[in-house]
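These notes are about the structure you will find just below.
The values are calculated or read from the model by the stated rules, or taken from the named source; none is laboratory data. Nothing here was measured: the structure is a model prediction, and the numbers come from that model. Please note: Cβ atoms are built from the backbone with ideal geometry, for glycine as well, and neighbour counts cover all protein chains shown. Please note that ligands, DNA and RNA were not included when accessible areas were found on the heavy atoms of the full protein model with its side chains. Shrake-Rupley method; radii C 1.70, N 1.55, O 1.52, S 1.80 Å.
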Amino acid sequence: MIRITNSMMAKNTVWNINQNMQRLNTATNAESTEKKIQLASDDPIIATRALKYRNYVATVEQYQKNVSDASSWMSVTENSLSDLKDVLQQARNLTVEASSDALSDSDKADIADQVEQLKESAVQILNSTYAGRYVFGGYATDSPPYATTSTTAAITTNTAGYIADDIGVSNGLATGNYSVAMSGTSGSYTLTLTDPAGATYTATSTDGSATFTTASGAVVLEAPTTVTSPGTLAFTVSSGSTSSSIGNLVTFKGKYLDLGGVVSSSVSDTALNAFYAANTANAYSAGTDQAIKYNTGYGSQIAVNVEGQDVTGSGSGNLFDTLDKLLLALNGDTTYKTIDSSGTIQTQNLSIDGLLTDIDSNLNTVLTQDSDLGARQNYVALCSSRLANDSTTYTKLMSENEDVDIAQATMDVATAETVYNASLSVGAKAISQSLVDYLK
Amino acid sequence: MIVVIATFSGLYTAVRGLYVSQASESVTTDNISNANTVGYSRQTVNQTAVGPAATYTSTLQLGNGAQINSVDRVRNFRLDQKYWQENGTDGEWTSKSNYLTELEAVLNDSSTSDSDFASVMDDFTSALSDLSDDPSSSAARTSVRETGEAVANYLNSTAENLSDLRSDVNGDIKTTVSEINSYGKQIADLNKQITLAAASGANVNSLEDQRDALVDKLSNLTSVQVTETVVGKSATGADVKTLNVNVDGGTLVSGNDARQLECYEVTSGSQAGMYGIRWQDTQGEYSPTGGQLGGLLDLRDGTGTGSEYKGIPYYTSQLDDFARTFAEAFNEGVYKNDTASGYGGHAGGEGADDSTGIRFFSYDGKSSTDLMNGATTTSDIDAVYQNITAANISLSSDVTDDLDKIATASTSGGSDNNENILNLISICSDSKMFDNGTPIDFMNSMISTLGTDSDYAGKQSDSQASFLKNIDDRRTSVSGVSVNEETANLTIYQQAYTASAKAVSMWDEIYQETISMVND
């Protein structure tokens, strides 16, 4: 039989009360924080899982945000493409109308005005924005991609390589007196002549015309017939420039979609060549895709934008080329000039009927982009609903893992409290009696 | 036959009875008074009958009363030894459990916390994701910088807290060593006192109790092996024993002498700046394995390599490893051991101002140029990142000074070019970065290691405490004072005293009668 002392009983009572208090404490903590564990050491497995689930939930929330942004962006793009389709449809209708022979020139001029307006609308639509960013600009979303500018070509003359016809001026730079003969049919025209001593003469011809070409071409000059003693004239050709209008051209990101593609026949070859030479660096060439991608899920990304050049086309036959051709045709032109990549100027025939094919092809391009965008929008919507499911699932898992069931927690507290109270009352009785109380 | 009786022997026998009862009452009273004294062993009276003498005739032998041989101290040395052995383990686990719980608080591993590492990292990746949706937005850029700084600050402050905790443990070690020294000296002094007192016949029970109480306290601090040696006999004939205390292979107390330990500052190696422990006289190293001291040393020095305990240095080096690897992966797009990540890093991208080669993470706020210091080869670049630790990681000054330097784009131009940022986001969740997987996985595994170790230490501590209590109960069962028992003894001895007193008065009457018989 083991010997029990009063101090042992007291110590054991206190020990047991303490154990019960600990249990009560844990249960109360769980109930008030509504979490199963306070520190990872309370249950390391729950803690590890908790960290993982929180990470999942946070990631899914981020994806949902991305998907929502993507959806808005695509929505803006979709609206723009729809508007563009309407514009092209309207242009087509006008083309059909204009192809009727019964129209007078003034009717055609009216239609031309409308087409001009349509061209402006197209540019505006292609410059739509979403939250201040231009949607058709690829990566360059900070400035409008499309712009219409009235373009001119600067024609410069060159001092080298002129040959004379009836003027005794030879190639080269020999100084001396030269006479200049000029022949022409119309126009007033001024030549500045300087003699080696530096004196200048200006001559105005009433019937002179000169033909200038650039660099490697020949300059033919003829002095005015009104000059009485052409032999006393010295002649230098000095550089000057004139500018010649090419038309209202549309640029994409500051570059020409089809350099020198459609130009009125009234523009001189010189001007066209000059324009082409000056802008070879500004010809648009398709580089790498500038697709703006958003993360929409684990390992999945979606491109949210449509690039402008994919919508309008680039190179010959693009949307603006077609509209320009339409304008020229409505103006009465039957041909237009175009310059190819080797720099050769070609003249093409122009007919309003033929333009219907071109407009149809442009419409087709827009439709293709639209349906591609539609497919992507469907994918994004699918992602959105799948992410919503994921969010619910992971949140539920997270909560099941780390949150207490309130009913269970309250019961635990009640039980612990009962046990605690019982141990207090029983303990009190046990330690307060001893033999001394019973001795007389 | 004539019976000749020694005249007053009866009286003496009764008086002896009185003395014995009185002495027993004193011992009982002593026990009762000391019922709550810590470490007190109850004392019992060793009472024997006085040998019979030829009082009346040589053939009629009567007893001569009782005498007290000794007042014995009831104590079981074996139980004490067992207690002292287990107390060391208890001390070790308790100190480990306490400090590991503190460590958990430092690493903020509670799942209810909003400032733990997982949240900080989630905020950072969210900010990166927002920036990828709108690379030209300066609000999004600011957010990336702020959350990036939060990541660096978390690592900095955690590393600092770990370092402070290590200093605390170091301080505790010094305190513990001086406590051991003090106890050792006191035990040796008591040994001496006991030897002297016993030789002169004094009662040494309370001194021995004091000595045992000191060993109780000492055994919690470090693991002890205690042996008794007999150094002589007391005046009552009982053995006089001294305690010799060995600690982890070295003698602390031997007879009347106590050796001292001292703390000295280590100047080199992984424990530089911390205290080493050695014996003062021989300067030999002291490496305890158990007790509080053993637990504290494991916590302070354990690197987790091989079979070493995962103490604070383990967690510090894990954090450093994380900082280094993450910074290198984020900046350069290269993982450990030159594994190419398959994505470009921050340095490969272009900022909004077309800057390249900018590193996002650096240390001590250095700029990208200062950080890289002209390194170009992969081994040089690896060497650069060895400079980064969790305590000094920061954002590079290029990024903190100019938000446009955050490299979102893959090539220059295009304000909505977000290709590089998408790469960076992929890097943050790439499972090839660490052996355990993604950055979050790495930190999670560190926290779960800590949680498991802390849980284990807590459970060990609880079970050891329970076991120790069991042994202590058995000790108390043997040597504790039972008030009931002593109260019963009071009654018993009082009755015996009353009976002896009655016997005295009876003998007194007999003598009076005898005397009056003579007196006529």
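For the reader, a short list of remarks on this structure follows.
- Residues that are touching a Ser or Thr at 6+ places or on another chain (Cβ under 9 Å) and part of a loop (DSSP other than H, G, I, E, B), drawn from region A:1-33: A:Ile2, A:Arg3, A:Ile4, A:Thr5
- Test result for B:Asp382, more than 10 Å from chain A (Cβ to nearest Cβ), acidic (Asp, Glu) and more than 28 Å from A:Asp42 (Cα to Cα): yes
- Those residues of region A:391-412 which are closer than 30 Å to A:Ile292 by Cβ and surrounded by 19 or more Cβ atoms within 10 Å (Cβ to Cβ), in sequence order: A:Tyr394
- In region A:40-60, the condition of being open to solvent by less than 10 Å² (accessible area, probe 1.4 Å), part of a helix (DSSP H, G or I), more than 9 Å from chain B (Cβ to nearest Cβ) and not small (Gly, Ala, Ser) is met by at least one residue.
Matching residues to (1) surrounded by fewer than 21 Cβ atoms within 10 Å (Cβ to Cβ); (2) away from every other protein chain (no Cβ under 14 Å); (3) not hydroxyl-bearing (Ser, Thr, Tyr):
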site	(1), (2), (3)
B:Pro135	no, no, yes
B:Leu155	no, yes, yes
B:Val169	no, yes, yes
B:Val177	no, yes, yes
B:Gln186	yes, yes, yes
B:Asn191	no, yes, yes
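- Restricting attention to region A:292-315, the residues that are more than 16 Å from A:Val366 (Cα to Cα), open to solvent by 20 Å² or more (accessible area, probe 1.4 Å) and assigned to a loop (DSSP other than H, G, I, E, B) add up to 2.
- Looking only at region B:443-460, and only at residues there that are open to solvent by 10 Å² or more (accessible area, probe 1.4 Å) and either away from chain A (no Cβ under 11 Å) or of a type in the set (Gly, Ala, Ser) (or both), the one that is nearest to B:Tyr343 (Cα to Cα): B:Ser445
- Answer from A:Val115, A:Val67 - the residue that is away from every other protein chain (no Cβ under 14 Å) and either surrounded by 15 or more Cβ atoms within 10 Å (Cβ to Cβ) or assigned to a loop (DSSP other than H, G, I, E, B) (or both): A:Val115
- When B:Thr229 is tested against (1) in a helix (DSSP H, G or I); (2) under 25 Å from B:Asp472 (Cα atoms); (3) hydroxyl-bearing (Ser, Thr, Tyr), only condition (1) is not met.
- Per the listing A:Arg376, A:Arg386, the residue uniquely open to solvent by 60 Å² or more (accessible area, probe 1.4 Å), of a type in the set (Lys, Arg) and in contact (Cβ under 8 Å) with a residue 60 or more places away in the chain is A:Arg386.
- Hey, B:Glu149 surrounded by fewer than 21 Cβ atoms within 10 Å (Cβ to Cβ), away from chain A (no Cβ under 14 Å) and either outside any helix (DSSP H, G or I) or without any contact (Cβ under 8 Å) to a residue 60 or more places away in the chain (or both) or not: no
- In the set B:Ile492, B:Ile471, B:Ile510, only one residue is surrounded by fewer than 18 Cβ atoms within 10 Å (Cβ to Cβ) and away from every other protein chain (no Cβ under 14 Å); that residue is B:Ile510.
- Taken over region B:157-209, the residue count meeting the criterion of being outside any helix (DSSP H, G or I) and either within 16 Å of the chain's Cα centre (by Cα) or aliphatic (A, V, I, L, M) (or both) is 2.
- The set of residues in region A:26-39 that are open to solvent by 40 Å² or more (accessible area, probe 1.4 Å) and more than 7 Å from chain B (Cβ to nearest Cβ) comprises A:Thr26, A:Thr28, A:Asn29, A:Glu31, A:Ser32, A:Glu34, A:Lys36.
- Residue match in region A:73-94 (condition: of a type in the set (S, T, N, Q), crowded, with 16+ Cβ neighbours inside 10 Å and farther than 29 Å from B:Ser132 by Cβ): no
- Identity of the residue in region A:4-25, free of Cβ contacts under 8 Å to residues at least 12 places away in the same chain and under 26 Å from A:Asn401 (Cα atoms), that ends up farthest from the other protein chains (Cβ to nearest Cβ): A:Asn25
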